[in-house]
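Where a number appears in this text, it was derived from the coordinates with a stated rule and is not lab data. Just so you know, these numbers come straight off a predicted model, no measurement behind them. Here the Cβ positions follow ideal geometry from the backbone for every residue, glycine too, while neighbour counts run over all protein chains shown.
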Amino acid sequence: MRGDPCPDFFVKDKHIIMTYNSDELVAPGWLSADFFLNVMRESNNDPSIVLTDGCTLRPGTNKGDHYASVMFRTTVSYRSKRFEGVKSINLIMKTKPETEGIKMDILNDNKLFAIELDMYRKTLPEMARLLAAIGEEYKYPKYIYGALEPRAILILEDISDQGWVMSDYIATLEDMKPIVKDIAMFHAASVMISSANPKFISEHIESMADLFLSFDKMIVKGFGDLLELTKLYPEFKHFAEPLENFYRNVRSLLYKVYEPSETFQNVLLHGDFHYKNMLHKIDPSTGRHKETILLDYQICSWASPAKDLYCLLDMIPTQEVKDSHRSELIYMYYRHYSELLRRMGFPGKIPSLVDLQIELLRHAGLELFDYAVFSPFRYMDNGSIDIESFLKGEMANPVLHDPEFKKLMHSELTRFLHQGTI
């Protein structure tokens with residue numbers, strides 16, 4: 001077994017090929033039995049570990065679930081002189097792509113892997129420690145192993161067999177509550193860390209604007225679709241000039257998002273805060289979400305919380321939940337955030353809810369950006385989306401002329417116009 005490649009998932013089944021990302025159907029040869037033997041020995045600090053079975057690699061995610069890595073799952077069974085019998089652990093791993101494409105372009109260096117490794121090794125454990133001291137629990141998948149050389153990889157415990165499941169857009173206010181609390185805990189704990197460690201801020205000032213701007217064709221397509229509505233439908237005509245003026249400044253808007261705020265308390269952003277980057281535990285008796293755990297800490301950076309809070313509104317709940325509870329969600333976040341800081345003994349001034357609302361208005365262009373670029377996802381079957389074509393701006397928007405989509409865009413563009421965003 002030693003040195004042999006781990007068997008790949010069986011990929012001739014048409015359903016499997018249609019379900020999973022093509023770059024996760026065949027694993028690289030270096031993910032071998034020897035590799036996982038060394039991982040288990042190092043992560044457990046136990047040189048006596050031996051593997052008892054081969055490790056069959058499986059695709060990590062379904063199509064459309066992620067775009068910034070290649071992911072695999074496996075189960076490792078092992079023995080040790082330190083215990084009787086055999087133990088097993090389910091693992092999920094992120095690696096860099098080995099075939100050319102937009103994923104390889106995004107990950108052409110190890111920057112995103114370095115950020116996430118640091119989060120799992122240092123920042124998340126410190127956040128969990130601070131919150132545990134006041135009786136709160138911040139959960140995240142157990143870190144197993146990580147490296148940047150000779151190949152970038154992050155290995156975590158796969159918790160999908162422990163009752164944690166992915167969800168669609170969140171359809172009730174009740175199911176939003178654990179998500180709101182999680183991001184409030186994440187932000188508040190980061191502020192506490194920065195108050196005790198002056199180097200924390202400089203270590204986490206990292207602009208992700210260039211990453212988003214690398215999807216320039218997707219951005220051009222999104223705003224081009226909105227401008228097409230102004231040409232085709234008279235009720236959209238008066239939005240044309242304001243939208244054109246806004247679009248000319250999109251680049252500077254994105255750079256501004258990732259600069260530390262001069263008007264509000266900065267936090268460590270999750271940065272990729274959307275419904276596919278979280279798992280939930282469901283109460284079987286009610287169907288409600290009992291707990292939520294956040295995933296994918298690859299683009300964390302120190303800046304205004306506005307970026308994450310617009311994701312909270314735009315990228316997680318259904319439109320109906322957002323429309324009905326927009327102000328309540330922000331209020332709920334603020335109550336958790338401010339109270340957590342007080343309980344942890346934050347020595348600085350805690351901003352007011354009014355301060356937060358003003359900060360969100362300053363960054364309201366982010367919400368328009370989200371609508372222009374990402375709103376079609378709400379009306380599409382994500383499993384059928386060619387994510388690479390979408391990111392390249394090559395995929396037609398199939399709902400551009402849909403009456404429901406047009407009604408939403410008209411309503412939201414009117415709001416942006418009246419509040420001075422465009």
By average Cβ neighbour count within 10 Å, what is the ranking of 139-152, 196-209 from highest down? 139-152, 196-209
Going Cα to Cα from Lys407, which aspartates and glutamates come in below 19 Å? Please leave out same-chain ones fewer than 8 positions away. Asp225, Glu228, Glu235, Asp314, Glu320, Asp323, Glu367, Asp370
Lys and Arg at +1, Asp and Glu at -1: add these up for the other residues within a Cβ distance under 13 Å of Glu235 and post the number. +4
Please give, to one decimal in nm, the separation of the simple spin-label points placed at Ala133 and His410, each 7 Å out from Cα toward the Cβ. 5.5 nm
Looking at the chain as a GNM with Cα springs under 10 Å, which of Arg248, Arg288, Arg58 has the largest mean-square fluctuation? Arg248
Which residue, Ala364, Val399, Ile350, has the largest displacement toward the positive end of the dipole of segment 305-422 when charges sit on each Cβ (Lys, Arg +1; Asp, Glu -1)? Ile350
Of Lys281/Lys392; Lys221/Lys307; Lys139/Lys221; Lys237/Lys307; Lys142/Lys349; Lys111/Lys406, pairs whose Cα-Cα distance is over 32 Å: Lys281/Lys392; Lys139/Lys221; Lys142/Lys349; Lys111/Lys406
If Lys and Arg each add +1 and Asp and Glu each add -1, what is the summed charge of the other residues whose beta carbon sits under 10 Å from the beta carbon of Gly146? 0
Take each complete run of DSSP H in the chain, measure how far its Cα atoms stretch along the helix's own axis, and keep only those covering 27 Å or more with mean Kyte-Doolittle hydropathy at least -1.0; list them. 173-196
Glu262 versus Ile358, label points 7 Å from Cα toward the beta carbon: distance in nm? 1.5 nm
Run the helix sum for the chain: -39,500 (n - 2.57) per DSSP H stretch of 4+ residues, divided by residue count, reported at 222 nm to the nearest 500 deg cm²/dmol. -13000 deg cm²/dmol
Here, Glu339 and Asp46, labelled 7 Å along Cα→Cβ, have an inter-label distance in nm of 4.1 nm
